[in-house]
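This report concerns only the one structure given below.
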Amino acid sequence: MSEQTTRTIEARHEALAIDGGRPVRVEPLPLEFPGIHHMDGEEIEAALRPLRSRSLFRYYGVRAPEEVEAFESEFAQFLGASRALAVSSGTGALSTALGALGVGPGQEVIVPAYLWVSVVAAVVNQGAIPVLADIDDTFGLNPVEVERQITARTAGVIAVHMSGAPADIRALQSICRRRGIFLLEDCAQCNGGSVGGQRVGTFGDMAAFSFQMNKNMTCGEGGCVVTNNSHLYERAFACHDLGYARDERGRLQVGDAELCLWGKGYRLDELRASILRVQLKKLPGVIARMRRSKYRIRQALEEFPGVGLRRIVDPQGDTGCFLITTYPNPAIARRVNQALRAEGIVTSPQGVSNIVMTEWGLHIYYNIVSLVQKTGCDGRGFPWTLAENARLVRDYHKGVCPAADSLFERSILLAIPSCLTEKDEDDIVRAFRKVLSALGLNRG
Ligand SMILES: Cc1ncc(COP(=O)(O)O)c(C=O)c1O
């Protein structure tokens, strides 16, 4: 008897927990926060360095500051990029990058249907109009759909590497180059990811990273703008700070007419940079652990023809922090999800794991109420009501991205914590096997 037949027979005899059977596990799975699980005395020691020297500001202090600058050069080297500019959040990084790229009213910026609210916020806050493009089975932008959305007013594309794995970034890069528009990569959820050995964040004109607590490496809150273009770097530098350049001593330089901009106030401090330097050293190990766990579970799921697995552009470059499985219809996806949760495939309430993707809040375009309703902070509908945008305003209701709509309703997102034990992985695989076999998803 084959191993698979044995498992199927075993599963047939086991009642699902959702139907009153014994759950696979009762202990919640670990929380998802990848970098946090590997935080220890090293980060504590690092954080004490700027405190001991009482030099917390990045440009000058009681002693010469060094942490932010050192982090920027270490991070740029890690990515293989020429410049990195540390900022105080991923949202700040996106906003700084769009400022550097000169985005403003009268322009459209293409964004994916699967994203995070900050991506849209950064575009809207610049006075430009976000344009949704549908995704494909990579859960990233579908290059064909991007091309379809380009108009004479398109300034650029924000490609978001979602849920740990890269988008089809080479195809997007070639479209943007051919059409003469910018490519901004949002790598917040895919720090350390790569395609063909090249790190995400180095394919576009600019890239944005986040080091908020849910990310692959973290200092609680933080971000980074990355570019190989020195002109864009200088503009980003001015935008993230007070609108001007600074000299080697950190003093503002107001003499350069080209760098006479407006600052957004997103500087990073020495304390958080010192923590990031340690987290960066740990990042490859964190990713290796998540990837190993994810691919062990993914491989086990390959024996279920009724389960679709997200297309991964380059498995070697997947950071592994989420597993996405897709089912034939929404009712089956919901049933599998509820049954898995009943088997104990859940985290404690502070975490978000194992959900049908429609529940994934402001990652889903039609859940972003202020986008769907086109609201503005000024109460007069900025930027939708600006004269320059009169002909650009688009629709954001559910239905405008049908491929995404269908994938969200039929897919389950499972976080892969960076500290799963073999026993945790076994339990996840056992629960999937038990539920999928009981629901007949082991048949083609
Ligand atoms: C794809 C994406 N972009 C941008 C951000 C914004 O980062 P932050 O929370 O650091 O502002 C996030 C954070 O969750 C994100 O997931």
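With q set to 0.06, 0.07, 0.09, 0.12 Å⁻¹, the log10 of I(q)/I(0) for the chain, from the Debye formula over equal scatterers at the Cα positions, is -0.27, -0.37, -0.60, -1.01. Backbone phi angles across the range 258-269, fed through the Karplus curve with coefficients 6.51, -1.76 and 1.60 (θ = phi - 60°), yield HN-Hα couplings of 6, 10, 10, 10, 10, x, 10, x, 10, 5, 9, 9 Hz in residue order; Gly and Pro are listed as x. Fewest-first ordering of V117, V393, V26, V336 by other beta carbons within 10 Å of each residue's beta carbon gives V26, V393, V117, V336. Of the GluC sites (Glu not before Pro) found in the range 288-393, the ones in coil according to DSSP and having at most 16 other Cβ atoms within 10 Å of their Cβ are E302, E303.
For the pair A387 and V144, the difference between a 0.36 nm per residue extended length and the Cα-Cα distance amounts to 84.5 nm.
A full extension of the chain between E42 and D426 corresponds to an added length of 135.1 nm, given 0.36 nm per residue minus the alpha carbon distance. Between the Cα long axis of helix 330-342 and the first principal axis of the chain there is an angle of about 80°, rounded to the nearest 10. Per the Debye calculation on the range 41-279 with a single equal scatterer at every Cα and no solvent contribution, log₁₀ I(q)/I(0) for q = 0.07 Å⁻¹ amounts to -0.22. Checking the cross-link pairs K294/K398; K215/K434; K215/K294 against a 25 Å limit on the alpha carbon distance flags K294/K398; K215/K434 as lying beyond it.
Compared with the dominant Cα axis of the chain, that is its longest principal axis, helix 422-438 is turned about 60°. In the chain, the longest principal axis of the Cα atoms and the axis of helix 169-179 are about 40 degrees apart. Considering helices alone, the calculated mean residue ellipticity of the chain at 222 nm is -11500 deg cm²/dmol, with DSSP H runs of length four and up weighted by -39500 (n - 2.57) and normalised per residue. For the range 284-297, the Karplus equation 6.51 cos²θ - 1.76 cosθ + 1.60, evaluated at θ = phi - 60°, returns couplings of x, x, 4, 5, 4, 5, 5, 5, 4, 4, 4, 6, 5, 5 Hz by residue, with Gly and Pro reported as x. Fewest neighbouring Cβ atoms within 10 Å first, the residues K294, K264, K281 line up as K281, K264, K294. Model label sites at L362 and M213, defined 7 Å from Cα along the beta-carbon direction, differ in position by 1.6 nm.
Since every read-out is calculated from the coordinates, none of them should be taken as a lab result. The model shown is predicted, which means the values in this text are computed figures rather than measured ones. Methodologically, a virtual Cβ is constructed for each residue, glycine included, from the backbone with ideal geometry; neighbour enumeration extends over all protein chains shown.
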